[in-house]
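Visitor: Before I ask anything, here is the structure I am working with.
Values in this text are rule-based calculations from the coordinates and carry no lab data. In this text the structure is predicted, and so the values were computed from the model without any measurement. Don't worry about glycine lacking a Cβ; one is built from the backbone with ideal geometry, like all the others, and counts go over all protein chains shown.
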Amino acid sequence: MTGSSPAAPVLVIGANGYLGSHVTRRLVADGRDVRVMVREGANTIGIDDLEVTRFVGDIWDDAVLREAMTGCADVYYCVVDTRGWLRDPAPLFHTNVEGTRNVLDIAVEPGVAEGLRKFVFTSSYVTVGRRRGHVATEADTISEAADARLTPYVRSRVQAENLVMDYARNHGLPGVAMCVSTTYGGADWGRTPHGAIIAGAAFGKLPFVMSGIELEAVGVDDAAQAMLLAAEKGRVGERYLISEKMISNAEVVRIAAEAAGVAAPTRTMPLALSYAMAALGSAKARLTGTDERLSLGSLRLMRAEALVDCSKARRELGWQPRPVEESIREAAKFWVGLREAKRASRSAG
């Protein structure tokens, strides 16, 4: 699985997603022969202006997967179901675990694996074992059996990453896992949950800020660059933490509002009240059978237990991220620009 030509094509699976579209744009800018794989009917506005070879199918379409991957030097796998608020977690495991397994099975087939240099897998920093008072590294693992507090979303991400590592150890997959933290930046066409918070701040529509919420964060362009560096320099069977710093939700909102030229919300919601509202959301989900975005599970995802150390990516990959504050400003300006463009379009019509 070595000796691939730099001119060989590369493939981005899930290229229409937030990180996937930025990976695709960087590859095109580097002059690579880029293939993309997207689902039928997917919103592809983030890559529609790029010259790429498009394969239409999902991660269960073996024929399309086989055709798209064959002959590729690198495969970037950017498919993930991030809906941690789902009342029924079955879709999370279907996509994040079983879907990943299906793609890996195709990737190690003899006709597909020949010439494959790297399989760069989009994982998450939630797969790293974190605890208060300890700076976590890639060496900190999570034991599902030992931690009953893990949400279904986190379990699905841990299981998916473990699959990739198992295929690297035992099935010849040149896999590298990228444990990416919360991404901020422009061109958020799918309006990610964290992007929606920035949009609300930029439009001056956030009534309050949730206090006590801190997240590891990184610019989406910097995360995409780390993915490309992993294909070039990453060690097979290794995982790399990709985050620039921990930042509070209040600081994110303040930076976004300032970049948009509006006042940041002055009221805060105490953490205890956030938990009370999340408990109500969880109760409502059980009683009504609906999916509530604010639930105890989703709130736990928004709270980071501890800092993480990303020096391995800097040292081994040569990764040098920008301050995430720059990406937050870019995100705010994206939303403001998008709103102005829509207003101009309505006026012209």
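Visitor: Could you give the dipole magnitude of the chain about its Cα centre, charging the beta-carbon of Lys and Arg +1 and that of Asp and Glu -1, in debye to the nearest 20?
Guide: Value, rounded to 20: 1100 debye.
Visitor: Using the crude model of +1 on Lys and Arg Cβ and -1 on Asp and Glu Cβ, and no other charge, please compute the dipole size for segment 32-122 relative to its Cα centre, in debye to 20.
Guide: 280
Visitor: In what order do HIS194, HIS134, HIS22 fall by count of nearby beta-carbon atoms within 10 Å, going from fewest to most?
Guide: On the way: HIS194 21, HIS134 13, HIS22 28.
Lowest count first: HIS134, HIS194, HIS22.
Visitor: Please work out which option in (i) 18.5; (ii) 16.4; (iii) 21.5 gives mean projected area of the Cα convex hull in nm² calculated from these coordinates, and answer with its label.
Guide: (i)
Visitor: Placing unit charges on C-beta atoms (Lys and Arg positive, Asp and Glu negative, everything else neutral), compute the dipole magnitude of segment 131-266 about its Cα centre in debye, rounded to 20. Can you show the working numbers first?
Guide: Numbers: 13 positive and 16 negative charges, 54 e Å.
Computed about the Cα centre, the dipole is about 260 debye.
Visitor: How much length would be gained if the chain were fully extended between ARG322 and ALA8, taking 0.36 nm per residue of separation minus their Cα-Cα distance, in nm to one decimal?
Guide: Numbers: separation 314, 0.36 × 314 = 113.04 nm, distance 2.98 nm.
Gain in length upon complete extension: 110.1 nm.
Visitor: Please go through segment 318-349 and write out the trypsin sites (Lys or Arg not before Pro) that DSSP classes as loop and that have at most 12 other C-beta atoms within 10 Å.
Guide: Answer in residue order: no site qualifies.
Visitor: Along the Cα→Cβ direction, 7 angstrom out, place labels at ALA344 and ASP49. What is the inter-label distance in nm?
Guide: Distance between the two pseudo-spin positions: 1.2 nm.
Visitor: Still on this structure: Report the Stokes-Einstein translational diffusion coefficient (µm² s⁻¹, integer) for segment 77-167, Rh taken as the Kirkwood radius over Cα pairs, at 37 °C with viscosity 0.692 mPa s.
Guide: After rounding, the answer is 229 µm²/s.
Visitor: Once you have the Cα-Cα distance between ARG315 and PHE208, take 0.36 nm times their residue separation minus that, and quote the gain in nm to one decimal.
Guide: Answer, rounded to one decimal: 34.6 nm.
Visitor: How long are the semi-axes of the ellipsoid equivalent to segment 1-108, from square roots of 5 times the Cα gyration tensor eigenvalues, in whole Å, largest first? Before the final figure, lay out the partial values.
Guide: Values: eigenvalues 113, 58, 26 Å².
They are 24, 17, 11 Å, listed largest first.
Visitor: Which order do THR122, THR151 fall in if you start with the one that has the fewest other Cβ atoms within 10 Å?
Guide: So the residues, fewest neighbours to most, are THR151, THR122.
Visitor: Right, next: Which one, SER21, VAL36, GLY129, projects farthest toward the positive side of the charge dipole computed for the chain from Cβ point charges (K/R +1, D/E -1)?
Guide: It is GLY129.
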